[in-house]
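Everything on this sheet refers to the single structure shown next.
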Amino acid sequence: QVRPVESGGGVVQPGGPLRLSCTAPGNIFGPFAMAWFHQPPGKQRERAAHVTSRGQTSYIDSVRGRFTISRDNAKNTVYLQMNSLKPEDTGVYYCNRFHPPDNYWGQGTQVTISS
């Protein structure tokens, strides 16, 4: 089973930016809404943002105004531009179909916010 491939994570100082990318197979990306999920250390994974096939976006309160999700349908790729990063943004970020997520998750990409 082909899984999403996330990239772009790293270690940044508070207030810095990162841009995450994720390429997903067609059976996951397709015409579906895609989401970025955030799993903080020791906590459950939760949706941070999602984007419909037409580009409509939605964010959880804690990231709204700082994160921007977008997608390139021709490349089966979804992006997450993260600005003004905070320590609580630390964790592993995954992309997947918004609802319902596919059973096959990628490895995720680690984001660490630290001074």
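The values are calculated or read from the model by the stated rules, or taken from the named source; none is laboratory data. From a predicted model like this one, the values you see are computed outputs, not experimental measurements. A quick note on method: Cβ atoms are made from the backbone with ideal geometry, for glycine too, and the neighbour counts reach across all protein chains shown. Accessible surface is based on the protein model in full, side chains and every heavy atom, while ligands, DNA and RNA are left aside. Shrake-Rupley method; radii C 1.70, N 1.55, O 1.52, S 1.80 Å.
Would you please name the chymotrypsin sites (Phe, Trp or Tyr not before Pro) within the range 61-109 that are DSSP coil residues with at most 14 other C-beta atoms within 10 Å of their C-beta? Kindly include the intermediate steps, with their values, before the conclusion.
Working: sites: PHE67, TYR79, TYR93, TYR94, PHE98, TYR104, TRP105; in loops: PHE98, TYR104, TRP105.
Here the chymotrypsin sites (Phe, Trp or Tyr not before Pro) that fit, given the DSSP loop and packing criteria, are TYR104.
Which loop trypsin sites (Lys or Arg not before Pro) in the range 1-97, with loop taken from DSSP, have no more than 15 other Cβ atoms within 10 angstrom of their Cβ?
On the way: sites: ARG19, LYS43, ARG45, ARG47, ARG54, ARG64, ARG66, ARG71, LYS75, ARG97; in loops: LYS43, ARG45, ARG54, ARG64, ARG66.
Of the trypsin sites (Lys or Arg not before Pro), the ones in loops of the range 1-97 whose Cβ has at most 15 other Cβ atoms within 10 Å are LYS43, ARG54, ARG64, ARG66.
Please report, as a whole percent, how much of the solvent-accessible surface of the range 1-102 comes from carbon and sulfur atoms (probe radius 1.4 Å). Before the final figure, lay out each step's value.
Numbers: 2570 of 5230 Å².
Carbon-and-sulfur percentage of accessible area, whole number: 49.
Return the percentage of antiparallel bridges among DSSP beta bridges fully within the chain, rounded to the nearest 5 %. Before the final figure, lay out each step's value.
Numbers: 32 of 35 bridges.
Of the beta bridges lying entirely in the chain, close to 90 percent run antiparallel.
In nm, to one decimal, how far is the GLN110 label point from the VAL5 one, both placed 7 Å along Cα→Cβ?
2.0 nm
HIS99 to ARG66: extension gain in nm, 0.36 nm per residue of separation minus the Cα-Cα distance? The partial results should precede the final answer.
On the way: separation 33, 0.36 × 33 = 11.88 nm, distance 2.32 nm.
Result: 9.6 nm gained on full extension.
Once amide H atoms are built 1.01 Å from N in the peptide plane, which residues 5 or more positions from PHE67, or in another chain, come under 5 Å H to H?
ASN83
Taking the simple approach of a point 7 Å from Cα along Cα-to-Cβ for both GLN13 and GLN44, what is their distance in nm?
In this crude spin-label approximation the distance works out to 3.7 nm.
Whole number in Å², please: accessible area per residue of the range 1-58, 1.4 Å probe, ligands, DNA and RNA not counted.
On the way: 3150 Å² over 58 residues.
Accessible area per residue, the range 1-58: 54 Å².
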